[in-house]
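For reference, the structure discussed in these notes is given below.
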Amino acid sequence: MAEYFVMTAPFDPRYCAIHDHNERLADFTAPAVGEALGDDWPDGLEYRMDKDSKGIEVPDLVPNSLGYTMMSERFKALVVDRSKTKIEWLRFTLLNHKKRVASDKMWVANVLTIVDCIDRERTVGEPYPARPEWYISTKRLFIRPEKVNAKLDLFRLGEMPRRIIVRDDLKAAIESEAMTGVAFHPMGADVRLR
């Protein structure tokens, strides 16, 4: 049976981070919860490295507080090649601390494949007050693998839409390519997820 992992981009002092959303984007929450934007996303939308984060190296998976899955062109190519998951690819331009272009080939992977599969009996977490079927955070997260289509190797968690779940074979491919800035947490790990 396949194993599943939560994919995260933890903050690391070596790497840049993004904390501010771009005011040009009318609905800045959509890419965090899997709502398609289509033409509402301006191609090449600019995001600036956080000035208070000292790191300037651009990792393959960029840590951010927007809830987005922000990745390099290299990471995107791997996902496009390996996964059949429905993803809206939103190109953005990353500016450095001096407002110069660090990369104009960065991508928000707006994962549109959403699966409701949290194991509510085993998961330890705090429900989201406005939507009790969602979790605002978890200390121990478990899913019910039998609710996941066997063809899916990447999906957005329905009850916690900022969380991206990866199957073990895709995780192995990401690790074999030495993608930077990526962490994987097994189901039930004692880790706080928001």
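A few remarks follow.
- Hits in the range 12-36 - residues which are in a loop (DSSP other than H, G, I, E, B) and under 15 Å from LYS86 (Cβ atoms): GLY34, GLU35, ALA36
- Every pair of residues 6+ apart whose Cβ atoms lie under 8 Å, when the first sits in the range 88-108 and is within 18 Å of GLU35 (Cβ to Cβ) while the second is among the polar types (S, T, N, Q) and crowded, with 16+ Cβ neighbours inside 10 Å: GLU88/ASN110; TRP89/ASN110; LEU90/ASN110; TRP107/SER72; VAL108/THR69
- ASP153 being acidic (Asp, Glu), buried (at least 20 other Cβ atoms within 10 Å of the Cβ), closer than 20 Å to ALA2 by Cα and outside the structural domain of THR69 (by TED's automatic domain parsing): yes
- Odd one out for ALA26 among (1) at pLDDT 95 or above; (2) among the aliphatic types (A, V, I, L, M); (3) over 25 Å from THR180 (Cβ atoms): (1)
- Checking each residue in the range 27-60 for being in contact with a helix residue (DSSP H, G or I) (Cβ under 6 Å, 6 or more places away or on another chain) and hydrophobic (A, V, I, L, M, F, W, C) picks out only LEU37.
- Considering residues of the range 37-59 that are closer than 24 Å to ILE174 by Cβ and in contact with a Lys or Arg (Cβ under 6 Å, 6 or more places away or on another chain) only, the residue surrounded by the fewest Cβ atoms within 10 Å (Cβ to Cβ): GLU57
- The residues of the range 83-115 that are in contact with a helix residue (DSSP H, G or I) (Cβ under 7 Å, 6 or more places away or on another chain) and surrounded by fewer than 18 Cβ atoms within 10 Å (Cβ to Cβ), listed by number, are TRP89, LYS105, VAL115.
- Once the range 156-178 is narrowed to residues that are over 12 Å from ILE118 (Cβ atoms) and among the hydrophobic types (A, V, I, L, M, F, W, C), the residue that is surrounded by the most Cβ atoms within 10 Å (Cβ to Cβ) is VAL166.
- Count - residues of the range 172-192 that are outside any loop (DSSP other than H, G, I, E, B) and within 12 Å of PHE142 (Cα to Cα): 2
- Residue among GLY181, GLY125 that alone is small (Gly, Ala, Ser), surrounded by 13 or more Cβ atoms within 10 Å (Cβ to Cβ) and more than 26 Å from TYR47 (Cα to Cα): GLY125
- Residues located in the range 101-133, provided they are closer than 27 Å to SER83 by Cα and small (Gly, Ala, Ser): SER103, ALA109
The values are calculated or read from the model by the stated rules, or taken from the named source; none is laboratory data. Remember, it's a predicted structure, so these values are computed and weren't measured experimentally. With ideal geometry, Cβ positions are generated from the backbone for all residues, glycine too; neighbour counts draw on all protein chains shown.
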